[in-house]
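Take a look at the structure below.
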Amino acid sequence: MNEIADRLAAVHTEIAAAAVRAGRSAEEIELVAVSKTHPPETLLAALDAGQCVFGENRVQEARAKIPLLPGRARWHLIGHLQKNKIRHALAAGFELYHGLDTLELAREFDRIAEEAGQFPRVLLEVNVAGETSKFGFSPDQLRAEMEALLALGRLQIEGLMTIPPFAPEAENSRPFFIALRELRDRLQAEFRVPLPRLSMGMSGDFAVAVEEGATLVRVGTAIFGTRRGKAWKPAGDAASFDD
């Protein structure tokens, strides 16, 4: 599994170079290793190479993996959270939720978090390109609903997240990263609330995201190689992982 260690080192080198170009410190950027579909032994190799934060898209897949890794592993939920998975997600122990994408979902999440005695840390997903195939608030919708979101007593809103349209060239993602950062800045000024975290950038464009202010980059293929076609599940487990 030395290949994973080498790939991690290459990603960190690229993050550091992008940070220098932007006049930032590489310590400002947290690498989230997107581990969906990959087996626990692969994640363990990354953990042994120094990677502690893993991003999972599916609650059920994450819940199967988390007990199999040492406690120093930390977990982010980076995919869409369905209402019927909120209790399972809270029980799994994710430290950050990247994809809170509607006020309705936020209210339900807040209600269940109160029942569970938790104060989940969340990012608000913004569909900056207006793609009908993607989840997320539109920028105007988020501004209109921000006061209601901030009134939810259990949710700790720490920033914004986006997924730009697929593009063969990383530079094509830059306008969308700029748009997210500028939206964050406007919301901070208007609502007088700190939103320090920006989750943006994946394997193909994370360096550009760092140049434009990302504090979290979600990188999978550049670390683990091509993603497996199906969600990972324990051998012999016939339960559905389609959540």
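Before moving on, here are some points about what is shown:
- Scanning region 33-60 for residues that are in contact with a Phe, Trp or Tyr (Cβ under 7 Å, 6 or more places away or on another chain) and either assigned to a helix (DSSP H, G or I) or not basic (Lys, Arg) (or both) turns up ALA33, SER35, THR37, HIS38, PRO39, THR42, LEU43, PHE54, GLU56, GLN60.
- Scan of region 107-166 for residues that are out of contact with any Lys or Arg (no Cβ under 8 Å at 6 or more places or on another chain) and among the acidic types (Asp, Glu), ordered by number: GLU115, GLU125, GLU131, ASP140, GLU145, GLU147
- Those residues of region 151-177 which are under 20 Å from the mean Cα position of the chain (by Cα) and in a helix (DSSP H, G or I), in sequence order: ALA170, SER173, ARG174, PRO175, PHE176, PHE177
Residue by residue, here is whether (1) touching a residue at least 40 places away in the same chain (Cβ under 8 Å); (2) surrounded by fewer than 16 Cβ atoms within 10 Å (Cβ to Cβ) holds:
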| residue | (1), (2) |
| --- | --- |
| ALA116 | no, yes |
| PRO139 | yes, no |
| GLU147 | yes, yes |
| GLN156 | no, yes |
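- Count of residues meeting criterion [surrounded by fewer than 22 Cβ atoms within 10 Å (Cβ to Cβ) and farther than 18 Å from HIS80 by Cα] in region 50-63: 3
- If the condition is being hydrophobic (A, V, I, L, M, F, W, C) and at pLDDT 95 or above, then region 105-134 contributes LEU105, ALA106, PHE109, ILE112, ALA113, ALA116, PHE119, VAL122, LEU123, LEU124, VAL126, VAL128.
- If the condition is being outside any helix (DSSP H, G or I), in contact (Cβ under 8 Å) with a residue 60 or more places away in the chain and aliphatic (A, V, I, L, M), then region 178-213 contributes only MET202.
- Filter pass, THR102 being under 18 Å from the mean Cα position of the chain (by Cα) and closer than 22 Å to ALA207 by Cβ: no
- Test: residue in region 104-126 that is assigned to a loop (DSSP other than H, G, I, E, B) and of a type in the set (Val, Ile, Thr): no
- Among the numbered conditions (1) under 19 Å from the mean Cα position of the chain (by Cα); (2) of a type outside the set (Phe, Trp, Tyr); (3) under 24 Å from PHE54 (Cβ atoms); (4) in a loop (DSSP other than H, G, I, E, B), the only one that LYS233 does not meet is (1).
- Per-region count, region 10-32, residues part of a helix (DSSP H, G or I), more than 12 Å from PHE206 (Cα to Cα) and touching a residue at least 12 places away in the same chain (Cβ under 8 Å): 4
- Scanning region 32-49 for residues that are surrounded by fewer than 21 Cβ atoms within 10 Å (Cβ to Cβ) and farther than 14 Å from LYS65 by Cβ gives ASP48, ALA49.
- Residue that is buried (at least 19 other Cβ atoms within 10 Å of the Cβ) and out of contact with any Asp or Glu (no Cβ under 9 Å at 6 or more places or on another chain), where the choices are VAL11, VAL20: VAL11
- Every residue from region 180-204 that is out of contact with any helix residue (DSSP H, G or I) (no Cβ under 7 Å at 6 or more places or on another chain) and either closer than 30 Å to THR226 by Cβ or among the aromatic types (Phe, Trp, Tyr) (or both): LEU180, ARG197, SER199, MET202
The values are calculated or read from the model by the stated rules, or taken from the named source; none is laboratory data. On a predicted model such as this, the values are computed, not experimentally measured, just so you know. Reconstructed Cβ throughout: ideal geometry from the backbone, glycine too, with neighbour counts over all protein chains shown.
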